[in-house]
Each structure stands twice: as structure tokens, then as C-alpha cells.
Amino acid sequence: MTWHILGAGSLGSLWAARLARAGKSVRLILRDRARLKTYEAAGGLTLVEQGRAQQYAIPAGLPSNAGPISRLLVACKAYDAEAAVQPLLPHLALGAELILLQNGLGSQDAVALRLPHARCILASSTEGAFREADFRVVYAGHGFTWLGDPLQPAAPAWLDELEQAGIPHGWTPDILSRLWRKLALNCAINPLTVLYNCRNGGLAEHPAEVNVLCIELADLLRRCGQPDAAEGLHEEVQRVIQATAANYSSMYQDVANSRRTEISYLLGHACASAARHRISLPHLNSLHARLKSHLEKLGLPVT
Ligand code: NAD
Ligand code: KPL
């Protein structure tokens, strides 16, 4: 069965290259003719690992000629996922499976709502990759990808293919807990690194602010039915701040490169969930307002 990859950016290319070199059938779905032309001129996808570049001539096409799709990896940003999947709806085979690689929460439900007859598998990844140039991606940080389906606990048979491709992964019956936990970590760290213009380690100078955010986020997680994700949140946030002290958060990097952030699927989703549950989280709401105003001043989208 072919792995169709929608979103040939950092993570999508990282998955595509590893699957292709393990001998799996892979096909990229590119946005439009211009992207396809650029891809064809590049001659394939290049993955750079430990300084060594290797090109993979993976076939690519457009949504209009995607053919029947049984397995689709959606590797777009959260804000692009729903619109990117839309033109593929007529091409999805009966019983198609989608793997949604988006960070944060909100985009997965938006995609799943459009696909009542497909299986949506959610993923939460700590792997690190970035685009050095068009269709040239650097594997920057080893990590792990949790996969799961909140509606169907049985693992799909194709997990073996990820094993063969050397994609570190695990199947969990509780993927929502993983996604909420990562969202909370990202909410406690990423916006502050943008507002204080610092590396993750710089937050060690703002312990009270981090602490109060963790208290509110843990409260939110419990109210959203995710008590396990709330457990030890502050301690883990402190650990991550120390362990990644020299790094810039992903949101910091987006802002520094004048790229749209995934704010609506992180802090925005947290604040909207709090409002839905009628809980008052003043520090989280104030952080959201400060971040939006900061982005607005920079001319970046606030959603
Ligand atoms: P990216 O911007 O590098 O890649 C996204 C790709 O999707 C781009 O190539 C873009 O052109 C493509 N795309 C957008 N709309 C499309 C459309 N309509 N049709 C076809 N292609 C379309 O993003 P990324 O860094 O790979 O991130 C993807 C998701 O994974 C995000 O939610 C991100 O937070 C998450 N994530 C990324 C990393 C990482 O290290 N890059 C790590 C963990 C999680
Ligand atoms: O995932 C992260 C990110 O930068 O997006 C960490 C390193 C955990 C910081 O929140």
C-alpha cells in the first residue's frame, strides 16, 4: 500500500525519505503545478543527516491526480491541514486511514469532521527537522512519535513499516493525553520565549510566571478530563527548560523567521477550552492577549 504524503515540508519529508529508503511505496502530494515543477527540477527530496545529504527521487503529483488513497500522512501545519485535505476527499478509498502529524489540538477534529468514514490516527512527535531549502530537509533532533486513535484502540498492522523504516514510534491508547500534555508544555514555554525574546533556558529567570501558568494549565487539563496529563506538569516544564536551555522554541523560531505560528492550536485552544468549561484562567488569558498583540505589531497572523 502506498504512503501518500501531504505536506512535503520538514516532518513530511523526514517520514517520506525514511519510508522510501526502506523500500516502501511513497508518493508526495504537492499543492500546485508550480510546486510540482520546482520539485521535478530539484530531482527529488534531499534529507541531510549528520551532515550527509542523500537524495530520494520519490514520485510526486497533485491532488487532482492523486488516485485512490488508502493511507495518507498529513504533515502540514495545523492551520493548513483542513484546507489541504479538502481536495483529496474524492480520492480517499473506502476505509482510508489518515495519520495527522499536527502539533497542538483543534486541527485534528476539524479534519476528522470532514471524514466521517475514514480512520483518523493522531500523532504527537518530538522529532526535530527543518527546511534548509526547497525539498531539502535537515534531520535536526532525534525524538519519538506517539500514535493513537481515540475511537479505536487497536493498532494498525502498518506500524511494522515504521519499524522497518527506523521511525521511532509507539502506539498508545491515550493519544489525547499525550497531545494535551505537549500542548501544555508548549503553552508554558513557547509564548514566554517569544515575549522575552530568549532561549528556553532564559525562562529560568521567570520562575513565578512559569509556575502560575503551570498551575492554570494543570487545572485546565483536569477540567478537560485529562488528569494524567496534569500530573507533575510544573516539574516537567522545569526539566524541559533546563534540558533545552540552549534551544530556541519552535514558536520563537517561527516568529524570528516571520512565519505564521500555530498559536490558535496551542494557547488559543487552551483559552477557548477554558472558556467552554467556564473556568477562569487569568494568567493564561493575559499571556494569550500579550502574544497576540506582539504578533500583531510584527504583522504576523494572530490566529
Ligand atoms: P513545514 O512548514 O516544514 O511543512 C509543511 C508543508 O505543508 C509545507 O511544505 C507546505 O508547503 C505544505 N502544505 C501546506 N499547505 C498545503 C497544501 N494545501 N497542499 C500540499 N501541501 C501543503 O511544517 P513542519 O515543521 O513539518 O510541521 C508540520 C507539523 O508538525 C506542525 O504542526 C508542527 O508543529 C509539527 N511538528 C514539527 C516538528 C519539526 O521539527 N518540524 C516537530 C514536531 C512537530
Ligand atoms: O516542543 C517544544 C517546542 O519548542 O515547540 C519544546 C522544546 C518542548 C518547548 O516547548
Query - Meets criteria (out of contact with any Ser or Thr (no Cβ under 6 Å at 6 or more places or on another chain) and either more than 8 Å from ligand 1 (Cβ to nearest atom) or among the hydroxyl-bearing types (Ser, Thr, Tyr) (or both)) for Ala110 - result: yes
Query raised in the report: Out of (1) within 16 Å of ligand 1 (Cβ to nearest atom); (2) in contact with a Phe, Trp or Tyr (Cβ under 9 Å, 6 or more places away or on another chain); (3) part of a loop (DSSP other than H, G, I, E, B); (4) open to solvent by less than 30 Å² (accessible area, probe 1.4 Å), what's the single condition that is false for Leu300?
Result: (2)
Query raised in the report: What is the number of the single condition among (1) closer than 27 Å to Gly141 by Cα; (2) under 20 Å from the mean Cα position of the chain (by Cα) that Cys214 does not meet?
Result: (2)
Report task. Output yes when any residue across region 124-131 is assigned to a helix (DSSP H, G or I) and surrounded by 22 or more Cβ atoms within 10 Å (Cβ to Cβ), and no when none is. Result -> no
Query raised in the report: Taking Thr145, is it among the hydroxyl-bearing types (Ser, Thr, Tyr) and within 15 Å of ligand 1 (Cβ to nearest atom)?
Result: yes
Query raised in the report: Does region 241-255 hold any residues that are assigned to a helix (DSSP H, G or I), among the β-branched types (Val, Ile, Thr) and either farther than 17 Å from Ile215 by Cβ or away from ligand 2 (no atom under 12 Å from the Cβ) (or both), and which are they?
Result: Val255
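Yes or no, residue by residue, for (1) over 28 Å from Ser280 (Cβ atoms); (2) within 16 Å of ligand 1 (Cβ to nearest atom); (3) among the basic types (Lys, Arg):
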residue	(1), (2), (3)
Ala155	yes, no, no
Thr172	yes, no, no
Arg178	no, yes, yes
Pro191	no, yes, no
Leu203	no, no, no
Val210	no, no, no
Glu216	no, no, no
Ala229	no, no, no
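The values are calculated or read from the model by the stated rules, or taken from the named source; none is laboratory data. Keep in mind that this is a model prediction, so the values were computed, not measured. With ideal geometry, Cβ positions are generated from the backbone for all residues, glycine too; neighbour counts draw on all protein chains shown. Calculation scope for accessible area: heavy atoms of the full protein, side chains included, ligands and nucleic acids excluded. Shrake-Rupley method; radii C 1.70, N 1.55, O 1.52, S 1.80 Å.
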